[in-house]
1. Just the residues that are open to solvent by less than 50 Å² (accessible area, probe 1.4 Å) and in a strand (DSSP E or B), please, taken from the range 51-88.
2. Just the residues that are small (Gly, Ala, Ser), open to solvent by 50 Å² or more (accessible area, probe 1.4 Å) and in a loop (DSSP other than H, G, I, E, B), please, taken from the range 89-140.
3. Looking for something hydroxyl-bearing (Ser, Thr, Tyr) and over 29 Å from residue 19 (Cα atoms) - is there at least one such residue anywhere in the range 224-239?
4. Residue 330: in a strand (DSSP E or B), farther than 16 Å from residue 18 by Cα, open to solvent by 10 Å² or more (accessible area, probe 1.4 Å) and not polar (S, T, N, Q), yes or no?
5. Only one of 237, 179 is over 12 Å from residue 285 (Cα atoms), polar (S, T, N, Q) and out of contact with any strand residue (DSSP E or B) (no Cβ under 9 Å at 6 or more places or on another chain). Can you tell me which?
6. May I ask you to list pairs of residues, at least six apart or on different chains, whose Cβ atoms are under 7 Å apart, with the first in the range 135-154 being within 17 Å of residue 190 (Cα to Cα) and hydrophobic (A, V, I, L, M, F, W, C) and the second being open to solvent by less than 30 Å² (accessible area, probe 1.4 Å) and assigned to a loop (DSSP other than H, G, I, E, B)?
7. Kindly indicate which of 318, 310, 261, 273 is in contact with a helix residue (DSSP H, G or I) (Cβ under 9 Å, 6 or more places away or on another chain), in a loop (DSSP other than H, G, I, E, B), of a type outside the set (D, E, K, R) and open to solvent by less than 40 Å² (accessible area, probe 1.4 Å).
Amino acid sequence: MPASVSAPSQSAGSITDVAGIEVGHFSDTRRPTGCTVVMARDGAVAGVDVRGAAPGTRETDLLSPGNLVQQVHAVMLAGGSAWGLAAADGAMRWMEERNIGMDVRFGTLPIVPAAVLFDLPMGDARIRPDAAAGYAACEAASTAAPAEGNVGAGTGALVGKLFGVDRAMKGGIGTASVTVGGVTVGVLIAVNSLGDVIDHNTGQPVAGARTEDGKALLDTRRALLRGDSPKPLLAGTNTTIGVIATDAVLTKAQANRLAMVAHDGLARAINPVHTMSDGDTLFALATGRVPLEGSAPGMTVLSTMAAEAVAIATLRAVHAARSVTLGELHIPCAADLATPRG
């Protein structure tokens, strides 16, 4: 196992490289928590795939291909566990005020699915994203490349908690994009995993559970396989959530397939992943600017692009994260192991 890790040296693009997508963060100053909105003002065909065994979600059933609603207008990602789902209320209010949504005759109804992660160990758990936080995230939304690391839904994220929070490391938000044949796939991932984050190019952990002295990476996979005993966990106390967006024209069935295959990227970048204590959920949005025909990539290439971008964004999330100290709890980041303290 290498003694240190190094960060990527160049930009990997962002989800806002996809035409029609905006992103806004709200980061709470009172404790490490927040929310992130991924907005498609003109509507986007959407799908979802939930792999973790302890999800916290809202409005996911309507994304099934057989159900009525064809487009959504935003996806809300939030900390605060199930309480954080309230952030979607604020996004709905912000959009209704601007006449963004589905015409239901008696008003304009914004469709805003949501997913949450568990960041309650980070400070006062009574402080969590609410409707005002979701509204503020929408106010901040733009087509600029979103900030990464300790922001939005990733503000209080941790990784590598299987041997205790005191041996975990800082997670966060990451984003990336891939373009092939004139079609772009962009992703935004909030990484709060039970498992370690892995560099999918080398197979080595870059952030996660640390050794008892806290100075090196333990390598959770190898530790479990040699019989080390993890600490007891509450279900749902972790979770990696995110959004895959593309400018391709997709059906709801194709959007759901894209969300499903994008989880391959999580499997490359997190180990273990999709556990009983994770609520891993990925949404897919298609803004429908580029037909999948002629020289444009088909679903197989699009799926490969999505999985690759998810793996890159997951890695970027921990490289962009910074250490946090709350009282006696110090949570280091990947950069701390890459550059040992003097």
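The values are calculated or read from the model by the stated rules, or taken from the named source; none is laboratory data. These figures come from a predicted structure and were not determined experimentally. Note that we place each Cβ from the backbone using ideal geometry, even for glycine, and neighbour counts take in every protein chain shown. Just the protein is used for accessible areas: all its heavy atoms, side chains included, with ligands, DNA and RNA removed. Shrake-Rupley method; radii C 1.70, N 1.55, O 1.52, S 1.80 Å.
1. 57, 72, 73, 74, 75, 76, 77, 78
2. First, pick out the residues of the range 89-140 that are small (Gly, Ala, Ser): 90-91, 101, 107, 114-115, 123, 125, 131-134, 136-137, 140.
After this cut, where a residue has to be open to solvent by 50 Å² or more (accessible area, probe 1.4 Å) as well, the list is 132, 140.
Within the range 89-140, just 140 meets the criteria.
3. Of the range 224-239, the ones hydroxyl-bearing (Ser, Thr, Tyr) are 229, 237, 239.
Applying the additional criterion that residues be over 29 Å from residue 19 (Cα atoms) yields 229, 237.
Taking every residue of the range 224-239 in turn, at least one turns out to be hydroxyl-bearing (Ser, Thr, Tyr) and over 29 Å from residue 19 (Cα atoms).
4. Taking the combined requirement at face value, the residue satisfies it.
5. 237
6. Short answer, once both residue conditions are applied: 145/14; 153/79; 153/117.
7. Exactly one residue qualifies, and that residue is 273.
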